[in-house]
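Have a look at the structure below, then the notes.
The values are calculated or read from the model by the stated rules, or taken from the named source; none is laboratory data. All values reported here derive from a predicted model rather than from experimental measurement. Methodologically, a virtual Cβ is constructed for each residue, glycine included, from the backbone with ideal geometry; neighbour enumeration extends over all protein chains shown. Ligands, DNA and RNA are excluded from the accessible area calculation, which covers all protein heavy atoms including side chains. Shrake-Rupley method; radii C 1.70, N 1.55, O 1.52, S 1.80 Å.
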Amino acid sequence: MTRTRTSYDGVVLCAPVTVPYERYSSQTAHWWAGRALRALARATGFGPGDIDGFCFASFSAAPDTAVGMVQHLGLSPRWLDHLPTGGASGIMALRRAARAVQCGDADIVACVAADTNHLDSFRQTLAGFSRFSQDAVYPYGFGGPNATFALITDAYMRTYGIGREHFGKLCVAQRRNALSNPLALMRTELTLEDYLRARPISDPVHLFDCVMPCAGAEAFIVTTPEIAAARGLKVARILATIERHNAFPDDPVQLRSGWAMDVDDLWSMAGIGPEQVDMLQAYDDYPVIVAMQLEDLGFCPKGQAADFIARTGFEIHGDLPLNTNGGQLSAGQAGAAGGFQNVTEGLRQVLHQPLGAQVPNARTAALSGFGLVNYDRGVCTAAAVIEACR
Amino acid sequence: MSQHPPRDKRDPLARRKERHTPPGLRSSALHALSARAAAGRFVLQSCQDCGAMTYPPRDACPQCWGELVWQDQARGALVLCETTIRATTDLYFRDHLPWRMGKLALDAGPTALAHLHADLKPGDRAEMHLMLDKGGNAALFALPAGGRPDMDDRQWREFTVPVKDRIVLVSDARSAVGRAVVKALHSAGAGLIFAGMAPPARAADLTDEWAGLDRVQTLPFDITDSSLVAEGISKIAGPLDIVINTARFVRGGRNLVDQKRMMDIAVLGFMRLSGACAPMLAGRPAGAFVDLVSIQALAGEVGFAGYAAAEAAHLSLLQSFRHDMRAQGVRVLSIFSGPSDDEDYQSVPPPKVAPARLAREVVEALRMGREISCVGEVASDAMERWLADPALFVREKNL
């Protein structure tokens, strides 16, 4: 009854770009998207006339969508997609664009996420985020995502006996990884003591569990091996992808997420196991979600993240390099671009084009995305395994 | 006039504290929930086709896409997890940090986020209440189940109108209902009650049972007289937390002189009173305006056609006033009743509502922050029939 999924043959990823983040920006999402396309053009030589597919993600482009963006930026694509899925949008862009290229609906797809951050953007983005949030979340203290993830963290800690020191180890390792990334917004050393002593924001979430909203853009290209070769671009291929929305809706609290439904599919399609990947670029909007990904993506059994974290090194030279650019926790969360940096960073590492330190001998990467708190949990999950073409 | 304790005076040079209300944007379905919460009901949506319960409010059943209807539910719940919010970008909640909330598994089925009483922790059983927040929208509040929870809970107080130690104006304290309201407020611990008495003073005023009570001060007041309203309000001078409009003039028949007076009290009098006290209530941390409305306002009534008309206009104004005051965080409460057991309804047979019962309900509505209350069988029955089938109800009341 289960059909065999078609492989991603004939498709490659290339040209990961990051437009340096800024804490606050007076520019618009359109400007940031323009910067991302310009960076793509510099990396590949592709101009507006070459790009025939466009996939866009943003929270701050209103009133425009991908439609407004193509006219604004002078594109005439024959394939267009707009992803409202935030933290899951990078991997979703990758897998959608891959099928478009594979089937010949497009040849060169630019996947772009761009968000600005005005002084009051964060509050305004929150205020109009979703109907369930308006009706059933904001009226309860308006703690934003901090409060939502505080409840998840509280339940997760009670259920699995994981402690703040475990979450702290992840945050400290990611900060160490950020130290070599010149584009990371937070590049001062963080110790476990700093982490544990930080002020509470929404108990048990403390300051260093939270990402810093910022402005920025991320982009990459999905195309055919032939087109990439003609431009002399280093490329990676897609071994497997999964995507799931609103998984386990009857779980009272989100202690597992969509990856757990599709994890077998991911690794069987990839043809390798989690122990064989050279790094994990996980979605890290709150460390509890990283712990959940370690379990749900099969790096350790459910409920044993604490143990796994305690005995694993997550630095660039460690056993399982995690969020090697520092992740959103240290590099910053540029809105929807936060859901693209796991893809761009993973791609950079397997192509050996790092922003900072290089994961030694890196060839494969697991990428994972998580997005959109519509009510009480993240609704969208996605994951991919990629491998450099040598 | 009785003695009363000296009142704190506000520093006249201090910048007045601005009052904020919680975020107010809601879906149409949530407004439907609020309309039911306003009457103190605890309801959730259930599916007409498959019976599934759902929350937050939706427009289709998530199990079978069937039609959803509102249904009263069991109030029990279990606390699953909690957080204390210490940072927010919202001005109202910034003024009230830290704020505790949590997630509960409702006995009715769904899970829900709710405000948590200070004594509740994960694993505890809770009793759910649908309260109206300062912006007038429904919000779930979890109280400890069983026992007697501390009703002075800091967060709970944001959803109610505390009476203890607060300053109250009763617009007409001379009627049987007015006297009962003053007495009930006094027993509930009101800090100072201004008892409005329309001039001229009468000999009987001096022998009133509460005339000698401390914390009660009589005040020449008449809502048909703009200057007396202005003078009365200026005599109160200091803070004013709660206004209770007990003034009414009830006559049957179709006498035009009576009708004019009924309109002057129920309609213009309401406008004078509400207009004069609105700015004073707006500055208070839990201001409230309570109005006693005849249930006859809903559909008219043969025999009291003129009074019912005046009350219908009164109710209409009261509803708009509620909207105006929401932005200020002031609660506007309507207390509906049928005939009261006093001189106004001498011609009407029982069942009638004792003034003391009506007065108790005023205090109870404040205590629960309830926008809509119906006192007595006549009012409850009428409201139920009107909500079920307004066209039929109008016909039956005017047969």
Distance in nm between pseudo-label sites at B:HIS31 and A:ARG311 (7 Å out along the Cβ direction from Cα) | 5.9
Roughly speaking, what is the centre-to-centre gap between segment B:68-104 and segment B:119-142 when only Cα atoms are used, to the nearest Å?
-> 6
Return the sequence-ordered ³J(HN,Hα) values of segment A:205-212 in whole Hz as given by the Karplus equation 6.51 cos²θ - 1.76 cosθ + 1.60 applied to θ = phi - 60°, using x for Gly and Pro.
-> 7, 10, 3, 7, 7, 9, 7, 9
Please find the FRET efficiency linking B:LEU206 to B:VAL257, where r is the Cβ-Cβ separation and R0 is fixed at 30 Å, and quote it to the nearest 0.05.
-> 0.50
Determine, from the Cβ-Cβ distance of A:GLU189 and A:ILE272 and an R0 of 45 Å, the FRET efficiency 1/(1 + (r/R0)^6), rounded to the nearest 0.05.
-> 0.85
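DSSP beta bridges in chain B, what fraction antiparallel, as a percent rounded to 5?
For chain B, the DSSP antiparallel bridge percentage is about 50.
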Give, as a single signed number, the net charge of other residues whose beta carbon lies under 14 Å from the beta carbon of B:ALA278, with Lys and Arg counted +1 and Asp and Glu -1.
-> +3
Any idea what % of Cα-Cα pairs in segment B:28-159 are farther than 23 Å?
-> 34
Packing-wise, with mean Cβ within 10 Å as the measure, how do B:168-181, A:200-213, B:46-59 rank, highest first?
-> B:168-181, A:200-213, B:46-59
With label points set 7 Å from each Cα along the Cα-to-Cβ direction at B:SER380 and A:ALA230, the distance between them in nm comes to 8.2
Stick to Cα atoms and the Kirkwood definition of Rh, then tell me Rg/Rh for segment B:167-397.
-> 0.94
Roughly how many Å is it from the Cα centre of segment A:215-258 to that of segment B:358-399, as a whole number?
-> 58
So what's the net charge close to A:ASP105: Lys and Arg +1, Asp and Glu -1, counting the other residues with Cβ under 13 Å from its Cβ?
-> 0
Past the 24 Å Cα-Cα mark, which pairs from B:LYS17/B:LYS134; B:LYS134/B:LYS164; B:LYS17/B:LYS164; B:LYS17/B:LYS183; B:LYS17/B:LYS235; B:LYS103/B:LYS134?
-> B:LYS17/B:LYS183
With 0.36 nm assigned to each residue of separation and the Cα-Cα distance removed, A:ASN246 to A:MET261 gains 4.3 nm
What residues of segment A:180-201 lose no less than 40 Å² of accessible area with every protein chain in place versus their chain by itself (probe 1.4 Å, heavy atoms only)?
-> A:ILE201
Between chains A and B, total accessible area buried, probe 1.4 Å, no ligands or nucleic acids, nearest 100 Å², roughly 2900
Segment A:94-173 and segment B:9-59: distance between their alpha carbon centers, rounded to Å = 26
Convert each backbone phi in segment B:183-194 into a coupling constant with the Karplus relation 6.51 cos²θ - 1.76 cosθ + 1.60 (shift: θ = phi - 60°), then list the ³J(HN,Hα) values in order as whole Hz, x for Gly and Pro.
-> 5, 5, 5, 5, 5, 7, x, 3, x, 7, 10, 8
Per residue and in cubic angstrom, what volume does the convex hull of the Cα atoms of segment B:291-399 have?
-> 103
Roughly speaking, what is the stretch gain from A:ASP9 to A:LEU207, that is 0.36 nm per residue apart minus the C-alpha to C-alpha distance, in nm to one decimal?
-> 66.9 nm
Please say if the protein assembly as shown is rounded, prolate or oblate, where rounded means a/c under 1.5 for a ≥ b ≥ c the square roots of the C-alpha gyration tensor eigenvalues, and otherwise the choice is prolate for a/b larger than b/c and oblate otherwise?
-> prolate
Could you state the angle between the C-alpha long axis of helix B:376-388 and the longest principal axis of the C-alpha atoms of chain B, as a value from 0 to 90 degrees rounded to the nearest 10?
-> 50
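Given a Förster distance of 35 angstrom, what is the FRET efficiency for B:VAL302 paired with B:THR224, based on the Cβ-Cβ distance and rounded to 0.05?
0.80
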Spatial extent of segment A:252-342: Rg and Dmax, with the Cα atoms as the point set, Å = 13.1, 38
Test item: B:101-107 mean partner chain Cβ contacts at 10 Å | 4
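Based on the alpha carbons, how large is the Rg to Rh ratio for chain A when Rh follows Kirkwood?
0.94
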Given labels modelled 7 Å from the Cα in the Cβ direction, how far is it in nm from B:ASP119 to A:HIS72?
-> 5.5
